[in-house]
Amino acid sequence: MTVRTRFAPSPTGLLHIGNARAALFNFLFARHHGGQFLLRIEDTDRERSTQRAVDVIFEGLAWMGITTDEDPVFQSTRQDRHTEVAQELLAKGLAYRCFCTADELKQMREDAIANGKPPRYNGMWRDRDPSEAPAGAPFAVRLKAPRDGETVITDLVQGEVRVANAEMDDLIILRSDGTPTYLHAVVCDDHDMAITHVIRGDDHLTNTFRQAMIYRAMGWDLPHFAHLPLIHGPDGAKLSKRHGAQSVVEFRDEGFLPEALCNYLLRLGWGHGDAEILNREEQIRLFDLDGVGRSPSRMDYVKLTHLNGVYMREADDARLTDDVLDRLKEREDITVDDTLRARLLTLMPGLKERAKMLTELADSAAFLGRALPFTYDAKRRSSFPMKARTFYAVSLRHSPSSNLLTLRPSTVRYASSPRARPSSSVRWHSPCARP
């Protein structure tokens, strides 16, 4: 059996960090077993789906180094296939037309709640003749759920999970407007894409029991399911904006390296002994689902920032220089040119030692692209120590705008009058001074 996994996001917002981790786990699992990783865009919600969200998904996965083995599948292009399967279930007598109106469904829910029961469909049209419905009345197509026994799912993370069939009502697979429901479309697509392992967040676990009914009604083999615990904030609550960045784009823009984020997400819910820092090859070699825990993980932004600093110190200087230049281009007071690039490359070994994020690195390097002498307002100057005030005053009197000549990791060279030497530890060099 060739392992085939998939990542199936809905393009209705940014690529959430929890979804990014699910994509990473699917990718690593497929690569570890010599299988294939696929992408499906679940864009059946046409009102909320946007092209920008689709682009963000592609950009995020590419930035994280997650590649697919086939062209992406767009769920909206497969509606005819979803309808075909629903019609087949109707023909087999395993599904039926439900002519209930919105008011009737509302009354059912209210009656169930009044009787202390879960609010669900009562099977009104399950065994009725469709000829009893008014001519031309709209209808939904519902799957006949088993009423006896229980549905058992052997989950590769959560273990064996059971639910009594009496707890599930007859699932709608086609709405009254003819469009397929999410649960129905997912099953059809996973089957046709020959997906062997469905690895996703455990907020989908309850959906699995309903989806299993469709698989069994069609006589299809069920894939292996693995439901990952969710990611919570540092305080144990659901991850939200108040905790910090939530989407891959936000982490990228805040200055995190993709390899650092992937390493952190891998260790967020999965472990292999004491291994903490793993490159992509090691991740593929070691990752498997038996190392995934069942408890929710807590996002630790401090630990992620520390890990990012570790990766930055190991990163290639030219790569960091290019990233810093891209960030500095957005600043109006910075001149980005070949001279600035040369300066950055020269100083990068020292600059990256003191920065934990690319934003910090760009801030610390920004002065290299500013015109000299630097100017500060009175309020800013008043905060300088006395030696810094002296240095600043002297630089304004004696330093031309082109006084920055050469850069070395350990010093900055200036051209100025030999007399213009403030009492400080700054090393001044005159072009006429003896070597």
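Residues in segment 108-131 that are among the charged types (D, E, K, R) and in a helix (DSSP H, G or I): ARG109, GLU110, ASP111. Filtering ILE153, ILE214 for residues that are in a strand (DSSP E or B), in contact (Cβ under 8 Å) with a residue 12 or more places away in the chain and not charged (D, E, K, R) leaves a single hit, ILE153. Consider segment 190-211 and keep the residues that are in contact with a strand residue (DSSP E or B) (Cβ under 6 Å, 6 or more places away or on another chain), in a helix (DSSP H, G or I) and not charged (D, E, K, R). The one that is farthest from ALA145 (Cα to Cα) is LEU205. When LEU222, LEU266 are checked against the criterion of being assigned to a helix (DSSP H, G or I), closer than 15 Å to ILE199 by Cβ and either touching a strand residue (DSSP E or B) at 6+ places or on another chain (Cβ under 6 Å) or modelled with pLDDT of 95 or more (or both), LEU266 stands alone in meeting it.
For beta carbons closer than 6 Å, sequence separation of 6+ or different chains, a first residue in segment 26-49 that is closer than 18 Å to ILE66 by Cα and in contact (Cβ under 8 Å) with a residue 24 or more places away in the chain and a second that is crowded, with 22+ Cβ neighbours inside 10 Å and of a type in the set (Ser, Thr, Tyr), the qualifying pairs are ASN26/THR5; PHE29/THR5; ALA30/THR5; PHE37/THR5.
Exactly one residue out of ALA145, ALA53 is surrounded by 15 or more Cβ atoms within 10 Å (Cβ to Cβ), hydrophobic (A, V, I, L, M, F, W, C), over 26 Å from THR206 (Cα atoms) and at pLDDT below 95, and it is ALA53. Within segment 164-173, is there a residue that is out of contact with any Lys or Arg (no Cβ under 7 Å at 6 or more places or on another chain), surrounded by fewer than 17 Cβ atoms within 10 Å (Cβ to Cβ) and not in a strand (DSSP E or B)? Checking segment 164-173: at least one residue is out of contact with any Lys or Arg (no Cβ under 7 Å at 6 or more places or on another chain), surrounded by fewer than 17 Cβ atoms within 10 Å (Cβ to Cβ) and not in a strand (DSSP E or B). Whenever a residue of segment 274-293 is under 13 Å from PHE25 (Cα atoms) and surrounded by 13 or more Cβ atoms within 10 Å (Cβ to Cβ), its partners that are modelled with pLDDT of 95 or more and charged (D, E, K, R), lying with C-beta atoms within less than 6 angstrom and at least six residues away or across chains, give the pairs ILE284/ARG31.
Just to be sure before I move on: is ARG242 basic (Lys, Arg) and modelled with pLDDT under 95 in the structure I sent? So ARG242 fits the description; yes.
The values are calculated or read from the model by the stated rules, or taken from the named source; none is laboratory data. Only a predicted model underlies this, so the values are computations on that prediction, with no experimental measurement involved. Cβ atoms come from the backbone with ideal geometry, glycine included; neighbour counts cover every protein chain shown.
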